[in-house]
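*Asks:* For reference, the structure I am asking about is given below.
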């Protein structure tokens, strides 16, 4: 094994694992290298992406609609509180024990995990649109669906993307324990440490952490990009009132 | 290693309900004692992590409340800590702090920081300027104003942050066994496909989160009697 980054100790071995492959300690197979990291990352992204797409398709329209008609607030807000109380490992274990292992079952578990923050934020975002703005739109002759699409959705988008961001990071983090449900992801070197060795496990931890931070930063940039210009202008004065996280609002 | 233990347990199951992998009340009654120790480990881990995290982030928030330029850097650093997946954090800390409860605690504390910091700061910011003026007019010094006016009025937000932090930590602590700290997650992991085991261990984790959440809510009601008139519906 070529140890290029030996000066960094165990972290050096882990970085070396990311860039160069070597023979597995149980013999037979080659482990490590960018090619294998990518082979593990691709199913990780596929699983997370599929779960997020389904969760968004369910909770964004539902949250917008509940917010528009002003009903179901109790459900939309408390689903977050309940969702937070169920540990992700327990949720996956329930699915494995009752439905069995596999991509589809695991994806369903991740969808359930991703829905609460998006739903709560979509509802809160729609509700906090100024009633006067909605009245003005109605006065201009807009119909209900037009108000949702052209007034409430744009104004709620920053919060909706805030929810998507929370869920995406959470789903990527949880997809790390997917090998427990029989799906190979970046968590494979963490769960099957015998094959990959300690440096493989640490390497996987580094890659997963980077992936989560990159997702957070990217979606944060998207969130700023979708914020309507009018909201940005007033945000300086209103910022301190936007941040409070009480039980009635979203998770950070 | 742990996986082998799980397989052994499967072979030992000869009773019909267990061999059919059902939900077995009799098995649960016989083995409930095995869950007490992991439950207590889980409880201690959660309470310690939240207490340490609260002490750190409450102090940070008080400092940032007076020195506003600190708000952004603290939010960004704690934000990155919050983003790093807990499983990754446990293994990233392993070469530095070794296997055991300490590693799990460091990682869990790092998740609590952002939640409580933001809420304490938001609570302090939401105190009306007129109230502060009234306090100053009554001759309160800055620190008297903080402890007698601002913090009591910020209590609802502070306690809300504490509740979110506690339920989140109970969830994350199920993964603390990766760092060698035991807890209910270790029981779930030991036999993840066995319904009775998953229901008991997972159920206890959910119950723990709900119980701690309720306890904090009751405390909040007791120490902020003036909010009860406008209590949530």
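*Asks:* With the contact rule set at Cα under 8 Å and sequence spacing of 6 or more, what percent relative contact order holds for chain B? Let's see the in-between values first.
*Replies:* Numbers: 256 pairs, mean separation 66.2, N = 233.
After rounding, I find 28 percent.
*Asks:* With a 10 Å Cβ neighbour count serving as the proxy for reagent exposure, in which order, fewest first, do B:188, A:164, A:206 appear? Walk me through the numbers before you get to the answer.
*Replies:* Working: B:188 30, A:164 23, A:206 18.
So the residues, fewest neighbours to most, are A:206, A:164, B:188.
*Asks:* May I pose another question? If one takes the longest principal axis of the Cα atoms in chain B, at what angle in degrees, from 0 to 90 and to the nearest 10, does the Cα axis of helix B:151-173 lie?
*Replies:* 20
*Asks:* Can you tell me the orientation of helix A:34-69 relative to chain A, as the angle in degrees between its alpha-carbon axis and the longest Cα principal axis, to the nearest 10?
*Replies:* The angle comes out at about 20 degrees.
*Asks:* Follow-up. Between helix A:193-226 and chain A, what is the angle of the helix's C-alpha long axis to the longest principal axis, kept within 0 to 90° and rounded to the nearest 10?
*Replies:* 20
*Asks:* Helix-derived [θ] at 222 nm for chain B: sum -39500 (n - 2.57) over DSSP H runs of at least 4, divide by residue count, nearest 500? Intermediate values should be presented prior to the final figure.
*Replies:* Working: 12 runs with 175 residues, N = 233.
Value at 222 nm, helices only, nearest 500: -24500 deg cm²/dmol.
*Asks:* Work out the FRET efficiency for residue A:38 and residue B:28 from their Cβ-Cβ distance, taking R0 = 56 Å, and round it to the nearest 0.05.
*Replies:* Details: r = 44 Å, r/R0 = 0.78.
E(calc), rounded to 0.05, equals 0.80.
*Asks:* Another one. Order of B:198, A:69, A:86 from fewest to most other C-beta atoms within 10 Å?
*Replies:* Working: B:198 24, A:69 11, A:86 21.
Ranking B:198, A:69, A:86 by Cβ neighbours within 10 Å, fewest first, gives A:69, A:86, B:198.
*Asks:* Taking square-rooted eigenvalues a ≥ b ≥ c of the alpha carbon gyration tensor, is the range B:21-76 rounded, prolate or oblate, where a/c under 1.5 means rounded and, failing that, a/b exceeding b/c means prolate? Don't jump to the answer; show the numbers that get you there.
*Replies:* Numbers: a/c = 7.50, a/b = 3.72, b/c = 2.02.
Prolate, since a/c reaches 1.5 and a/b exceeds b/c.
*Asks:* Moving on to the next point. Counting other beta carbons within 10 Å of each Cβ, put B:27, A:42 in order, fewest first. Walk me through the numbers on the way to the answer.
*Replies:* Values: B:27 19, A:42 12.
The most exposed by this proxy come first: A:42, B:27.
*Asks:* Moving on to the next point. What distance in nm separates the simple spin-label points at residue A:224 and residue B:222, each placed 7 Å from Cα in the Cβ direction?
*Replies:* Output for this residue pair reads 4.5 nm.
*Asks:* Once fully extended, how much extra length lies between residue B:131 and residue B:40, figured as 0.36 nm per residue of separation less the alpha-carbon to alpha-carbon distance?
*Replies:* Computed gain between residue B:131 and residue B:40 is 28.4 nm.
*Asks:* Using only alpha-carbon positions, what ratio does the radius of gyration of the range A:90-133 give when scaled by 2.2 N^0.38 Å? If you can, show how the numbers build up before the last one.
*Replies:* Details: Rg = 16.2 Å, N = 44, 2.2 N^0.38 = 9.3 Å.
Scaled against compact globular proteins, the figure is 1.75.
Where a number appears in this text, it was derived from the coordinates with a stated rule and is not lab data. Quick caveat, the model's predicted, so the values are computed rather than measured. Positions of Cβ are backbone-derived with ideal geometry, glycine not excepted, and every protein chain shown enters the neighbour counts.
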